[in-house]
Amino acid sequence: MTSRTLIKDIAAQPDGPVTVAGWVETVRDQKKVQFVILRDESGAAQLVNPATRELDPEGVSVGAAEALALTESISALTHGSFVKVTGQLKHDERVKLGGLEVKVGTLEVVSGALETPIAADSSLDKRLDWRFLDLRQPKQNLIFRVQTTFLHALRGVWIEKGLIEIQTPKLMASASESRAELFEVDYFEGKAYLAQSPQFFKQMAQSAGFGGVFEVGPAFRADPSFTSRHATEFTSIDTEISWIDSHEDVMALHEELLVAGFQAVADKHGDEIRELFGVEVTVPSRPFPRIPLAEAKQIVADHGYVVPRADADMDPEGERRISEYVKETYGHEFVFLTDYASSIRPFYHMRHEGDPSLTNSYDLIFNGVEISTGAQREHRVDVLVEQARDKGMDPEELEFYLDFFRYGVPPHGGFGMGLARVLMLMLHEHSIRETTYLFRGPTHLLP
Ligand code: AMO
């Protein structure tokens, strides 16, 4: 490794020699002095160089030619060039940026940069076209540090509970959610489909006796819409657990995971998020409010908004309104909408004992948008076959899945949660395009 000190670490060093490397953020090239703001992956620091504009006419000054060359190379620096600098660190309270500066001794342009094609105020589309440059901005960089912290905290909970991490195949022989949003790919002599969710395989792990599993991996949906919450490929956070009594057990785990994730993010990045996003990360209190879907629709209707189709899911406006209501009434940013009608849920959701028109399922809404769907699964194979038929599906096509339930399987349930949606809503961003490392949409395949 090239030896250098990360900028975040130089503050702890005493005055003296230092080597740093990073991207040139700004150059202030004044007559008598030059300032460069240098940024690496950990932070930014000010470099300073007393400018030498011409050679001493006597030619006697020691090092004058080197000093002139250094001044000229700083004048020629372009924004975004990657440079390595050796110099003298000096702590100085008057320097606004971190109370220190580095007096440049040598400066090597390791990799020069062309003039940048984007600015902070460029359109989102343009920024996404130049995503690697966009991600250099501290605000964008923070999103992925927050994501790392969030996922690490979730893993902590899963691992502490003894759940097993799995990686399920993304090439499948059949649909796992709706046939409508299925990507078909050529597969040798036949066809395969990109996995819409690890649903079937995380349930298989329950029959395999794993007890509880989790996966953080890609999911694909051939959804042609251009909304701020849909992508054709997204990272899905999935978990599935055995020996549950109802979907309440799944919701309890869901809460525990989110509390741990939000706590870790608030502790580690709360200040930075406040500074760069102007947002306070609130650790949710448990239990999260729960409202049956039918009641939630009634509440928004009572507040002047009728969800367009009575037999359908909440629409985005309904989600926004029920969230608003929950915030005002319970002071909570999350709400579980429960007891969805079986007509709008997949065949594998368990239905209410005594009222098959409703399911043991829920959606989790966070700050006005659905981030998750969860349910208790139907594990009785005869009932499952009936429910598949009920949905117009041919049980023969599902034989491999139905087999999971023919050899002894515990009652189980789980949820799927879109990672980019959680981040978007946590940071009050307007689109998952901002919180996805590389967004994929109907017209977006590059870079
Ligand atoms: P569902 O289809 O509701 O449920 O998806 C679960 C969560 O995944 C996210 N999501 C998306 N994110 C971005 N772009 C999309 N096109 C997209 N589609 C879904 C959302 C959503 O809430 N198998 C079930 C989960 C389960 O029951 O375990 C499922 O996939 O945040």
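The values are calculated or read from the model by the stated rules, or taken from the named source; none is laboratory data. Values in this document were obtained by computation on a predicted structure and should not be read as measured data. With ideal geometry, Cβ positions are generated from the backbone for all residues, glycine too; neighbour counts draw on all protein chains shown.
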> Filter region 388-416 for residues that are part of a helix (DSSP H, G or I) and within 34 Å of the chain's Cα centre (by Cα); which is farthest from residue 360 (Cα to Cα)?
Replying inline: 400
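Among the residues of region 28-52, write down those that are of a type in the set (Val, Ile, Thr) and touching a Ser or Thr at 6+ places or on another chain (Cβ under 8 Å).
Taking region 28-52 as the starting set, the residues that turn out to be of a type in the set (Val, Ile, Thr) are 33, 36-37, 48, 52.
Selection gives 36, 37, 52.
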> Is one or more of the residues making up region 249-268 over 18 Å from residue 362 (Cα atoms) and free of Cβ contacts under 8 Å to residues at least 12 places away in the same chain?
Replying inline: yes
>> I'd like to know if region 332-340 contains one or more residues that are farther than 24 Å from residue 420 by Cβ, of a type outside the set (A, V, I, L, M, F, W, C) and either surrounded by 14 or more Cβ atoms within 10 Å (Cβ to Cβ) or without any contact (Cβ under 8 Å) to a residue 12 or more places away in the chain (or both).
In response: yes
> Which one of 295, 280, 319 is modelled with pLDDT of 95 or more, assigned to a helix (DSSP H, G or I) and under 30 Å from residue 148 (Cα atoms)?
Replying inline: 319
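Test residue 116 against the stated conditions and say whether it is of a type in the set (Val, Ile, Thr), assigned to a loop (DSSP other than H, G, I, E, B) and farther than 19 Å from residue 276 by Cα. Walk me through it before giving the result.
On the way: of a type in the set (Val, Ile, Thr): yes; assigned to a loop (DSSP other than H, G, I, E, B): yes; farther than 19 Å from residue 276 by Cα: yes.
Yes.
Output the strands (runs of 3 or more DSSP E) that fall wholly within region 124-235 and possess 2 or more residues being within 26 Å of residue 443 (Cα to Cα) and either modelled with pLDDT under 95 or aliphatic (A, V, I, L, M) (or both), or say none.
Ranges flagged: 190-194, 212-220.
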>> Checking residue 246 against (1) free of Cβ contacts under 8 Å to residues at least 60 places away in the same chain; (2) away from the ligand (no atom under 13 Å from the Cβ), only one condition comes out false. Which one?
In response: (1)
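Condition check ((1) more than 9 Å from the ligand (Cβ to nearest atom); (2) of a type in the set (Ser, Thr, Tyr); (3) in contact with a strand residue (DSSP E or B) (Cβ under 6 Å, 6 or more places away or on another chain)) across all residues:
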| position | (1), (2), (3) |
| --- | --- |
| 342 | yes, yes, yes |
| 355 | yes, no, no |
| 358 | yes, no, yes |
| 366 | yes, no, yes |
| 373 | no, yes, yes |
| 378 | yes, no, no |
> Across region 216-231, which residue is nearest to the ligand (Cβ to nearest atom) among those that are under 17 Å from the mean Cα position of the chain (by Cα) and either surrounded by 21 or more Cβ atoms within 10 Å (Cβ to Cβ) or of a type in the set (Gly, Ala, Ser) (or both)?
Replying inline: 231
> Taking the stated definitions as given, is residue 351 free of Cβ contacts under 8 Å to residues at least 40 places away in the same chain, within 15 Å of the ligand (Cβ to nearest atom), under 22 Å from residue 253 (Cβ atoms) and among the basic types (Lys, Arg)?
Replying inline: yes
> Given the conditions (1) assigned to a strand (DSSP E or B); (2) within 30 Å of residue 347 (Cβ to Cβ), which single one is not true for residue 110?
Replying inline: (2)
